[in-house]
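Only one structure is covered here, and it is reproduced in the block below.
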């Protein structure tokens, strides 16, 4: 039996559940069961449905509906196991459930996992660390290592307790995660003349991820901030390459570069496949018909 391969951008034609890498790396959530992490990834995906349906509470917070029966069917597991997984996620503060009324499904708020990991990390550090480094318990050193080298972007290796300004700590935390996520150093090696653009991209994504606003304007429309954050968490090095190329391909003078970049980054997960499909078709046409 022979199997066919994927060529060019063909792998992008499918939809995927994306499970945040930090859930497998950060000390505070590493012990979650694999099924719980998978369920969380599915919940992140369902937020797009909520955005389309405008399921927002009176504070502008997005929520989802994902019933026990739906989860049982999706994961092929029992009612008891679903209850266990939901309790796991709630105990880890990755979701919050609210009753909607008699015979109505619970509202499920999918919490920002980076914010959760950051807050739990700080609590663990406050509980364990002391001013006397020599007397700090061994378990705290594992959670809160002394290594503060910014080149080491593994989430569990970032020192977060040194700054007095919690907002700045969180900002650096997100910035390091984003750089690791998009392979910033590799991109910089491949695009040394686009250093300013790459730096601006990281800054813009970090600004959005740490924003406390309810909405953000993208291409003239106000989008729920959690939806934009969800899109941004899907970005990888391929998407950033696409954004850099889009900047090069635009001959017009861009008056609002941050606004233009914001729109490119927001749309990248949905437009990248069409872009590369067009590129492949163009190259094939040139090869067949000549220049």
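The values are calculated or read from the model by the stated rules, or taken from the named source; none is laboratory data. On a predicted model such as this, the values are computed, not experimentally measured, just so you know. Every residue, glycine as well, gets a Cβ built from its backbone with ideal geometry; the counts of neighbours run over all protein chains shown.
Assorted remarks:
- Hits in region 44-100 (condition: assigned to a loop (DSSP other than H, G, I, E, B) and loosely packed, with under 15 Cβ neighbours inside 10 Å): 54, 57, 58, 59, 60, 67, 76, 78, 99, 100
- Within region 204-223, being assigned to a strand (DSSP E or B) and exposed (fewer than 14 other Cβ atoms within 10 Å of the Cβ) holds for 217, 221, 222.
- Number of the exception - residue 158 against (1) within 17 Å of the chain's Cα centre (by Cα); (2) modelled with pLDDT under 85: (1)
- Condition check for residue 15: farther than 21 Å from residue 269 by Cβ and loosely packed, with under 15 Cβ neighbours inside 10 Å: no
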